[in-house]
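Undergrad: The structure's right below; bear with me while I get my questions together.
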Amino acid sequence: MDYLANTIVLHINPATPQPDLIAQAAQVIRAGGLVAFPTETVYGLGANALDAAAIDRIYAAKRRPASDPLIVHIAHADQLAQLAADVPYAAQRLAAAFWPGPLTMVLRRAAHVPANIAAGMDTVAVRMPIHPIARALIEASCTPIAAPSANTFTRPSATAAAHVLEDLYGRVDVVIDGGATPLGVESTVIDLTGATPLVLRPGGLVMEDLHRILPDITAVQRFLSEGDSTSAPGQLTKHYAPRARLMLYEGSPESIRDAITDTAQRYLANGRKVGVLAGDEDAPYFTQLGVRIIALGRRDDSAAIARVLFGAMRALDAQGVDVILAPLLGGAGLGEAIRDRLLRAAEGRVYKV
Ligand code: TXA
Ligand code: MG
């Protein structure tokens, strides 16, 4: 059954959240309702993490399968001990170093925390955001808040309130409009329940920083292997994806520009609408083609690209393009998350040129 609601939009100042408006949203959380709110990464779709019925409403509103677990957001370190059955030393050190911030830790779940938060698993994912609106909302609600990204299942994450409304209008009680999210990509997820710490999803906290605290940390293979993606695109779960078919190109800047130009001309000749995502250095090369171009930032400026990537996919969708052509951007640091999101959105369609 779908959760239907009369959506109210509250405009809240991200630097100094108005207490009366935060109280209004917190009242909805306490009553078991759904509140979408900004964090420093992306917008979250929040509900009381200790209320199993409210958690079910998240899955229904997002049209998300119950097999996909949710992150619990906290405002104080002592809330971690309430949610986790035990807090290993590694978790204490990571929390001290990186909280509040874009780090999510998977730990053993305390018995009183509803199982549907973790899709029935005996673990729980916890994160302490730094965004003032997120923190004020959690504090005023007097409960941890479960929140996946505030997009419908498989769509690009929401980095502005307009994106939340695009996907979830009429399906949530409150949308807090607190402006654009500063980072633009989701948190880094680390599993601390095994013998060695494991990065499950690259994100806003970069590997280089994690290594300093946990030298033995490793990352799960999110894709079959470099280059395998084209041979088995079906094996990549579609995620963060625009409606248009996204195709990625890997190679020198010149060969990527040539490949995108050739491919665009083929699609245009067949009467298709084409979108191009590109670095600032490359965007000017496509202006004569008759395609919709979005320049994401300089190729090596991962912070700039991360901020606008999801919004750019949504903007091209809104223009009704059939295909989106883009270089496989990314690299070290925040570039790992960019590369990961692009690969998922393209379901592994990477062309080496
Ligand atoms: O930045 C973020 O993390 C945003 C903001 C709203 O905090 N949230 C977010 O949530 O991206 P979501 O639901 O879209 O992604 C949560 C990720 C998923 O990859 C999920 O599989 C993983 O965290 N996850 C959650 N609980 C888990 C658990 N108990 N064990 C393993 N993975 C878990
Ligand atoms: Mg998500």
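The values are calculated or read from the model by the stated rules, or taken from the named source; none is laboratory data. On a predicted model such as this, the values are computed, not experimentally measured, just so you know. Positions of Cβ are backbone-derived with ideal geometry, glycine not excepted, and every protein chain shown enters the neighbour counts.
Undergrad: Mind listing whichever residues of region 138-162 are assigned to a helix (DSSP H, G or I), touching a residue at least 60 places away in the same chain (Cβ under 8 Å), away from ligand 1 (no atom under 12 Å from the Cβ) and under 16 Å from Pro14 (Cβ atoms)?
TA: Restricting attention to region 138-162, the residues satisfying the condition of being assigned to a helix (DSSP H, G or I) are 138-141, 161-162.
Filter once more, so that each one left must be touching a residue at least 60 places away in the same chain (Cβ under 8 Å): 138-141, 161.
Subset that is away from ligand 1 (no atom under 12 Å from the Cβ): 139-141, 161.
Result: Glu139, Ala140, Ala161.
Undergrad: Of all residues in region 76-97 being under 21 Å from Pro148 (Cβ atoms) and surrounded by fewer than 20 Cβ atoms within 10 Å (Cβ to Cβ), which is nearest to the chain's Cα centre (by Cα)? Walk me through it before giving the result.
TA: Of all residues in region 76-97, those under 21 Å from Pro148 (Cβ atoms) come to 79-80, 82-84.
Adding the requirement that they be surrounded by fewer than 20 Cβ atoms within 10 Å (Cβ to Cβ) leaves 79, 82.
Details: Gln79: 23, Gln82: 26 Å.
So the residue we want is Gln79.
Undergrad: Please verify whether region 33-41 includes one or more residues that are part of a loop (DSSP other than H, G, I, E, B), away from ligand 1 (no atom under 14 Å from the Cβ) and at pLDDT below 95. Let's see the steps before the verdict.
TA: First pass over region 33-41, keeping only residues part of a loop (DSSP other than H, G, I, E, B): 33-34, 39-41.
In the following step, the residues that additionally are away from ligand 1 (no atom under 14 Å from the Cβ) were identified as 33.
Next cut, at pLDDT below 95 only: none.
Among the residues of region 33-41, not one is part of a loop (DSSP other than H, G, I, E, B), away from ligand 1 (no atom under 14 Å from the Cβ) and at pLDDT below 95, which makes the answer no.
Undergrad: Among the listed residues Ala47, Ala118, Ala95, Ala125, identify the single one that is within 16 Å of ligand 2 (Cβ to nearest atom), in contact (Cβ under 8 Å) with a residue 24 or more places away in the chain, within 25 Å of Glu208 (Cα to Cα) and of a type in the set (A, V, I, L, M, F, W, C).
TA: Values: Ala47 fails: within 25 Å of Glu208 (Cα to Cα); Ala118 fails: within 25 Å of Glu208 (Cα to Cα); Ala95 fails: within 16 Å of ligand 2 (Cβ to nearest atom).
Result of the check over Ala47, Ala118, Ala95, Ala125: Ala125.
Undergrad: Taking interchain pairs and intrachain pairs at least six residues apart, which have beta carbon atoms under 6 angstrom, with the first residue in region 260-279 and in the same structural domain as Asp301 (by TED's automatic domain parsing) and over 10 Å from Ala326 (Cβ atoms) and the second surrounded by 14 or more Cβ atoms within 10 Å (Cβ to Cβ) and charged (D, E, K, R)?
TA: Arg272/Asp322; Lys273/Asp322
Undergrad: So in region 162-197, with the set limited to residues that are of a type in the set (Ser, Thr, Tyr) and more than 12 Å from ligand 2 (Cβ to nearest atom), which one is farthest from Leu80 (Cα to Cα)?
TA: From region 162-197, those of a type in the set (Ser, Thr, Tyr) are 169, 181, 187-188, 193, 196; that's our starting set.
Among the residues that remain, those that are also more than 12 Å from ligand 2 (Cβ to nearest atom) are: 169, 181, 188, 193, 196.
On the way: Tyr169: 32, Thr181: 24, Thr188: 17, Thr193: 15, Thr196: 20 Å.
Only one residue tops the list, namely Tyr169.
Undergrad: Sort out which residues of region 163-174 are at negative phi and either surrounded by fewer than 21 Cβ atoms within 10 Å (Cβ to Cβ) or away from ligand 1 (no atom under 12 Å from the Cβ) (or both), and write them in order of number. Let's see the steps before the verdict.
TA: Quick first cut of region 163-174, residues at negative phi only: 163-169, 171-174.
The answer is His163, Leu165, Glu166, Asp167, Leu168, Tyr169, Arg171, Val172, Asp173, Val174.
Undergrad: Another question, then. Among the residues of region 193-206, count how many are in contact (Cβ under 8 Å) with a residue 24 or more places away in the chain and more than 26 Å from Ala150 (Cβ to Cβ).
TA: Of all residues in region 193-206, those in contact (Cβ under 8 Å) with a residue 24 or more places away in the chain come to 193, 197, 200-206.
Adding the requirement that they be more than 26 Å from Ala150 (Cβ to Cβ) leaves 193, 197.
Selection size over region 193-206: 2.
Undergrad: Something else about it: Of everything in region 163-196 that's of a type in the set (Asp, Glu) and part of a loop (DSSP other than H, G, I, E, B), which residue is farthest from Leu137 (Cα to Cα)? Can you show your working first?
TA: The initial filter retains those residues of region 163-196 that are of a type in the set (Asp, Glu), namely 166-167, 173, 177, 186, 191.
Those still in the list that are part of a loop (DSSP other than H, G, I, E, B) too: 173, 186.
Values: Asp173: 15, Glu186: 19 Å.
The extreme case among them is Glu186.
Undergrad: On to the next question. Residues in region 197-224 that are farther than 20 Å from Ala36 by Cβ and in a loop (DSSP other than H, G, I, E, B): how many?
TA: Here is the first cut: in region 197-224, the ones farther than 20 Å from Ala36 by Cβ are 197-202, 205-224.
Filter again for in a loop (DSSP other than H, G, I, E, B), leaving 197, 202, 205-206, 214-217, 220-224.
Residues that pass the stated criteria total 13.
Undergrad: Identify, from the list Thr154, Thr159, the residue that is within 13 Å of ligand 2 (Cβ to nearest atom), under 22 Å from Leu316 (Cβ atoms) and either modelled with pLDDT under 95 or in the same structural domain as Gly333 (by TED's automatic domain parsing) (or both).
TA: Numbers: Thr159 fails: either modelled with pLDDT under 95 or in the same structural domain as Gly333 (by TED's automatic domain parsing) (or both).
Thr154 is the lone residue from the list that is within 13 Å of ligand 2 (Cβ to nearest atom), under 22 Å from Leu316 (Cβ atoms) and either modelled with pLDDT under 95 or in the same structural domain as Gly333 (by TED's automatic domain parsing) (or both).
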